[in-house]
1. Pairs please, first residue from region 311-325 and within 12 Å of ligand 1 (Cβ to nearest atom), second anywhere and of a type in the set (Phe, Trp, Tyr), Cβ atoms under 7 Å, 6+ apart in sequence or on different chains.
2. Considering every residue within region 225-240, establish whether at least one is in contact (Cβ under 8 Å) with a residue 40 or more places away in the chain, open to solvent by 20 Å² or more (accessible area, probe 1.4 Å), within 16 Å of ligand 1 (Cβ to nearest atom) and among the hydrophobic types (A, V, I, L, M, F, W, C).
3. Has region 333-340 got at least one residue that is touching a residue at least 60 places away in the same chain (Cβ under 8 Å), away from ligand 1 (no atom under 12 Å from the Cβ) and touching a His at 6+ places or on another chain (Cβ under 7 Å)?
4. Only one residue in Ile345, Ile310, Ile354 is in contact with a strand residue (DSSP E or B) (Cβ under 7 Å, 6 or more places away or on another chain), modelled with pLDDT under 95, open to solvent by less than 40 Å² (accessible area, probe 1.4 Å) and among the hydrophobic types (A, V, I, L, M, F, W, C). Which one?
5. Filter region 399-414 down to the residues that are crowded, with 20+ Cβ neighbours inside 10 Å and assigned to a loop (DSSP other than H, G, I, E, B) and list them by number.
6. Scan (1) more than 15 Å from ligand 1 (Cβ to nearest atom); (2) touching a helix residue (DSSP H, G or I) at 6+ places or on another chain (Cβ under 8 Å); (3) open to solvent by 10 Å² or more (accessible area, probe 1.4 Å) for the single condition Ala303 breaks and write down its number.
7. Look at region 363-379 and say how many of its residues are more than 16 Å from ligand 1 (Cβ to nearest atom) and either open to solvent by 30 Å² or more (accessible area, probe 1.4 Å) or outside any loop (DSSP other than H, G, I, E, B) (or both).
8. Answer yes or no as to whether Ile153 is surrounded by 17 or more Cβ atoms within 10 Å (Cβ to Cβ) and assigned to a helix (DSSP H, G or I).
Amino acid sequence: MSQSILALKGIGKKKYIAFQKMGLSTIEQLLFYYPREYEDRAHISALSSIVESAKYAISVTVVDYQKFRRSGGKTMHKFIVSDDSATAQVIFINTPFITNYFHLDGQYYLYGQINRQADGLVMFHPEIRPHADGGFGIVPKYALSEGITNKEIRKALLQCTDNIAAVKELLPQQIVLKNNLIDRATALDIIHFPKDLSQLQQARYRFKYEELFNLQMAMLYKRSRIKQAIKQSVSRKPSKTEIKTLFKFKLTNDQKRAIDEVLTDMASDTPMNRLLQGDVGSGKTAVAIAAAYAAVNSGFQVALMAPTEILARQHYETFINFFAEEKVALLTSSVSRKDKLYSSIEAGAVSVVIGTHALIQTAVTFKQLALVITDEQHRFGVKQRKSLSDKSEGVDVLVMSATPIPRTLSLIIYGDMDISTINEMPIGRLPVKTHYVKQPKYQAMLDYIEAHLAAGEQAYFVAPLIEESDKIDLIPAEKLYQSVANRFSDYQVALVHGKMSAEQKNKTMLAFKNGQIQVLVSTTVIEVGVDVAKATIIVITHSERFGLAQLHQLRGRVGRGNLQSYCFLLAKQPGKIAGQRISMMTKTNDGFVIANKDLEIRGPGEMLGIRQHGLPELKIVNLKEDIDLLKTVQADCKQIFDSGEDISHYLTLLEKQMIL
Ligand code: ADP
Ligand code: MG
């Protein structure tokens with residue numbers, strides 16, 4: 001199995017390199033290179049049923065033959081074939097020996113393009129197979145890269161039938177029986193050499209099952225291993241009254257429940273590994289504060305990581321209201337390596353360290369780190385997630401995300417975590433009113449905004465890109481800034497974008513937060529987390545260029561207080577999908593509904609950034625179609641896991657393919 005494919009006929013040094021580029025160097029890799037799709041040539045069409053020009057397989061007898069000589073010395077062989085339902089012409093040009101294998105009275109299967117012309121059905125140069133050799137069957141099509149053809153892959157696989165037969169079953173016997181799965185070797189043979197469609201479907205089902213099963217078991221194992229780690233810092237659980245008096249507002253029931261789940265985990269002697277899911281504006285920060293409070297009160301340190309400097313600073317400003325100012329520190333890339341902050345953290349003088357990923361990547365050492373919180377965790381890539389988990393051996397981990405995803409899918413992506421969900425919004429929140437504003441209404445919209453500014457409210461204007469591009473007609477943020485500043489000359493208008501220095505950005509954001517600036521024009525740097533209660537209007541220009549999740553995140557910048565808020569979506573002639581997104585936004589404020597729609601439009605792989613989560617690429621499963629199978633697998637896995645069987649070997653899959 002681990003033998004090199006160089007041993008196969010037809011694969012020389014040069015081909016080998018081309019195969020290698022596709023990730024195929026060993027026989028085993030070749031065997032498990034599943035076809036991307038299949039061409040069904042097993043289905044035989046009756047000639048009389050062919051209405052549209054397309055590719056067909058037919059079964060015919062040759063009933064007439066004529067040879068023509070044409071100008072330019074070309075010869076044309078014209079056959080008339082019949083299948084009892086109708087006849088068709090089959091034409092070969094310059095094919096001198098054709099009659100050696102295709103002749104009058106012969107019976108054949110033919111495959112190829114059939115055109116419906118004025119004088120009937122015509123087929124040029126079809127593929128031919130005599131009846132005696134059997135039909136074409138179902139032809140697998142592999143994903144190819146340069147220098148490799150489908151035929152070459154098939155030829156290589158045809159030499160591996162013994163290896164296929166020797167493939168061992170990996171799934172537990174009880175699972176195979178319970179789910180009526182075809183055994184692994186047979187299924188693999190069918191995958192590459194299918195005879196009929198229903199059999200093929202069963203074989204594919206088997207490997208889909210296997211793929212999800214391995215993934216789910218690995219997740220369950222990883223989760224159990226985290227639970228086994230020795231925890232150094234068990235935080236005392238604060239009383240309900242203690243938590244209640246921390247906050248000026250009344251916690252929602254969902255917040256209370258999430259806080260209780262988190263604090264229970266932290267007080268237990270196994271490490272917490274919990275995801276807090278909650279729509280934008282649902283008040284996740286309060287849960288982070290309660291968790292930090294428990295750790296700090298028990299004498300431990302807390303790290304809070306946010307994806308942008310703006311957001312890290314905002315958290316800092318919030319946290320100093322809950323902890324002594326000198327106990328909270330902001331650590332971003334602008335803090336010099338030599339700063340004494342590092343030694344304060346090491347000495348344990350600072351209790352809560354808030355920062356961007358600088359927090360995790362730099363040589364920050366803690367005296368007694370007990371809790372690591374990651375905000376907007378979907379914004380972090382695989383590497384950052386990994387460095388976080390590296391730092392967190394035996395430490396309580398809380399990750400927060402505003403991307404609500406259906407439970408089945410979260411079990412795949414966050415299968416190693418416990419999940420708390422906040423569905424409920426704080427009381428008094430009014431849903432944001434969202435409108436699609438067409439060009440003629442633009443001026444009226446500006447007047448409307450002005451009236452709100454006059455009443456002391458604030459507004460965001462969002463532009464998709466900062467730089468002017470020749471290719472796409474975007475109003476860059478700077479131009480937008482010019483026009484907005486001109487229009488609202490009685491107010492303070494400022495611009496933030498990604499290319500500004502962190503210091504400039506922070507200054508502007510702070511001024512906006514404090515109300516010194518009333519209108520903020522920005523790129524998507526404000527997308528995540530930023531919280532300004534008086535900001536009640538967000539105008540999103542070129543909204544057709546944003547994805548649904550992103551639009552929802554952007555809208556989440558308003559409606560965070562008790563004032564009625566508005567989201568205005570501008571778009572020049574949105575396409576069909578963009579139109580769907582915009583209409584969805586005007587219909588609902590519910591992040592869960594939006595996430596489901598997003599799933600429908602984009603498919604889960606893209607939406608969730610499967611890759612970004614550090615999961616292996618799914619080779620045969622299509623999460624969009626295979627959701628029911630996933631449910632079955634999840635139930636089976638849980639049963640095996642709960643039975644206490646040793647499942648450590650599933651980890652090899654993770655170690656081979658996944659970043660743990
Ligand atoms: P997100 O879940 O998007 O991170 P935040 O934690 O930033 O939301 O909370 C949004 C706003 O709602 C903040 O200004 C916060 O102070 C406020 N808030 C949070 N919980 C409550 C509550 N229970 N009652 C009233 N306001 C709340
Ligand atoms: Mg937040």
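The values are calculated or read from the model by the stated rules, or taken from the named source; none is laboratory data. Keep in mind that what you see is a predicted model, and the values were worked out from it rather than measured. A quick note on method: Cβ atoms are made from the backbone with ideal geometry, for glycine too, and the neighbour counts reach across all protein chains shown. To get the accessible areas, we keep the full protein, side chains included, count just its heavy atoms, and leave off ligands, DNA and RNA. Shrake-Rupley method; radii C 1.70, N 1.55, O 1.52, S 1.80 Å.
1. Short answer, once both residue conditions are applied: Phe322/Tyr293.
2. Scanning region 225-240, I find no residue that is in contact (Cβ under 8 Å) with a residue 40 or more places away in the chain, open to solvent by 20 Å² or more (accessible area, probe 1.4 Å), within 16 Å of ligand 1 (Cβ to nearest atom) and among the hydrophobic types (A, V, I, L, M, F, W, C), so the answer is no.
3. So in region 333-340, the residues touching a residue at least 60 places away in the same chain (Cβ under 8 Å) come out as 333-334.
Remaining after also requiring away from ligand 1 (no atom under 12 Å from the Cβ): 333-334.
Then drop every residue that is not touching a His at 6+ places or on another chain (Cβ under 7 Å), which leaves none.
No; the residues of region 333-340 include none that is touching a residue at least 60 places away in the same chain (Cβ under 8 Å), away from ligand 1 (no atom under 12 Å from the Cβ) and touching a His at 6+ places or on another chain (Cβ under 7 Å).
4. Working: Ile310 fails: in contact with a strand residue (DSSP E or B) (Cβ under 7 Å, 6 or more places away or on another chain); Ile354 fails: modelled with pLDDT under 95.
From the options Ile345, Ile310, Ile354, the qualifying one is Ile345.
5. Ala402, Thr403, Pro404, Ile405, Tyr414
6. With respect to (1) more than 15 Å from ligand 1 (Cβ to nearest atom); (2) touching a helix residue (DSSP H, G or I) at 6+ places or on another chain (Cβ under 8 Å); (3) open to solvent by 10 Å² or more (accessible area, probe 1.4 Å), Ala303 is out only on (3).
7. Residues that pass the stated criteria total 9.
8. On the way: surrounded by 17 or more Cβ atoms within 10 Å (Cβ to Cβ): yes; assigned to a helix (DSSP H, G or I): yes.
Criteria met by Ile153.
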